[in-house]
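Below is one structure, written out as structure tokens; the observations come after it.
The values are calculated or read from the model by the stated rules, or taken from the named source; none is laboratory data. These figures come from a predicted structure and were not determined experimentally. Neighbour counts run over all protein chains shown; Cβ positions are idealised from the backbone, glycine included. We work out accessible area using only protein heavy atoms, side chains counted, and drop any ligands, DNA or RNA first. Shrake-Rupley method; radii C 1.70, N 1.55, O 1.52, S 1.80 Å.
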Amino acid sequence: MKLALCTISYRHHLRSFNDLIDFASEEHFDAIDIWGVHAEHLRTEEVDRLKSSHLNVSMLSHYLNLNAPMSELLAETKRLSRLATRIGTERIRIFAGNEASHTLSDAKWDQLVYRLKGICRVLDPAGQRLLLEFHPNTATDTVEATVRLLQAINHPACRINFDVLHVIESKADPVEAYFRLASYVDHLHLKTVANVEQFSVFEPANVYAASGSREGMVPLFEGIVDYHRFFEDVSAHLDHLTASLEWFGPDPDERLREDRTLITQALERVPVLSR
């Protein structure tokens, strides 16, 4: 499994992109997961420097307004496709709307499927894939809803960004959920919280705000997710994947450095027969 640094960890830090490239390289990351806001403002020399490094761009993490008129949605999809080509990635991650799956009427569900199919048809000829994030209050907020949506879209360019913590938030077992979704999983997001009462710390309105609470955000192996078990139980299926360390708290350099080291050590301890 390859490990990626998320540039969104530095959304409130005065840090140049070249400095992030240097840090990721020095700390032995394999890739960078680039937040769309950052990708849109990269200078040509920064893109060139990234491409000349050993780092891959694992994913363009951005958003699409799935309620926009279809012509606007497809035009924005084409713009994101060009941006992904510019930074050198095949994956574009979005959220599957902004409504919980159980609240969607049949009409809204059919409209969502139609629009996501249209996005896939734009991305597929460019060799790009649409990754829907497993995330609360979206159409992919439970394992059952995610399977149903992917089967309805039925397009090879539609995949899943499997967020382990959000799977637990949905009350599913992450190992069982992974195996149910394994044929669709194309990327992982790794993060955790100190206890189950603190899931709300990752709600978008809080986590993207500079003044938002960071209480409950803890190192990867100190929270509620049993990552040792997760890595051991799914290790045979991780070789083709990249996992992003999605840290939103303070001191991102220190936290990303330490968690990357601990993940590497945990993977090295996985018995060979389970790989």
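Some points to look at:
- Condition check for residue 214: closer than 20 Å to residue 6 by Cβ, open to solvent by 10 Å² or more (accessible area, probe 1.4 Å), without any contact (Cβ under 8 Å) to a residue 40 or more places away in the chain and basic (Lys, Arg): yes
- The range 183-203 - residue that is among the aromatic types (Phe, Trp, Tyr) and in a helix (DSSP H, G or I) and, of those, farthest from residue 98 (Cα to Cα): 199
- The residue that is surrounded by the fewest Cβ atoms within 10 Å (Cβ to Cβ), counting only those in the range 88-107 that are among the hydrophobic types (A, V, I, L, M, F, W, C) and touching a residue at least 24 places away in the same chain (Cβ under 8 Å), is 100.
- Set 88, 118, 36: member being in contact with a helix residue (DSSP H, G or I) (Cβ under 9 Å, 6 or more places away or on another chain) and on the phi > 0 side of the Ramachandran plot: 88
- Residues of the range 138-183 that are open to solvent by 50 Å² or more (accessible area, probe 1.4 Å) and in contact with a strand residue (DSSP E or B) (Cβ under 7 Å, 6 or more places away or on another chain): 159 alone.
- Restricting 96, 84, 100 to those that are in contact with a strand residue (DSSP E or B) (Cβ under 7 Å, 6 or more places away or on another chain) and farther than 27 Å from residue 51 by Cα reduces the list to 96.
- Qualifying residue in the range 219-231 (condition: assigned to a helix (DSSP H, G or I), open to solvent by 60 Å² or more (accessible area, probe 1.4 Å) and among the aromatic types (Phe, Trp, Tyr)): no
- Any hit, the range 30-45, residues being open to solvent by 80 Å² or more (accessible area, probe 1.4 Å), closer than 30 Å to residue 152 by Cα and of a type in the set (S, T, N, Q): no
- So residue 255, is it in contact with a Pro (Cβ under 7 Å, 6 or more places away or on another chain) and within 24 Å of residue 13 (Cβ to Cβ): yes
- As a summary of the residue check, residue 85 satisfies the conditions (1) free of Cβ contacts under 8 Å to residues at least 40 places away in the same chain; (2) open to solvent by 20 Å² or more (accessible area, probe 1.4 Å); (3) β-branched (Val, Ile, Thr) except for the one numbered (1).
- Residue within the range 6-28 that is in contact with a Phe, Trp or Tyr (Cβ under 9 Å, 6 or more places away or on another chain), of a type in the set (Val, Ile, Thr), open to solvent by less than 50 Å² (accessible area, probe 1.4 Å) and in a helix (DSSP H, G or I) present: yes
- Residue satisfying all of: in the range 255-268; open to solvent by 60 Å² or more (accessible area, probe 1.4 Å) and in contact with a Phe, Trp or Tyr (Cβ under 9 Å, 6 or more places away or on another chain); farthest from residue 215 (Cα to Cα) among these: 262
- Considering the range 236-254, the residues that are in a helix (DSSP H, G or I) and without any contact (Cβ under 8 Å) to a residue 60 or more places away in the chain include one that is least open to solvent (accessible area, probe 1.4 Å), namely 236.
- Criterion: open to solvent by 40 Å² or more (accessible area, probe 1.4 Å), over 17 Å from residue 189 (Cβ atoms) and under 20 Å from the mean Cα position of the chain (by Cα) - qualifying residue of 56, 65: 65
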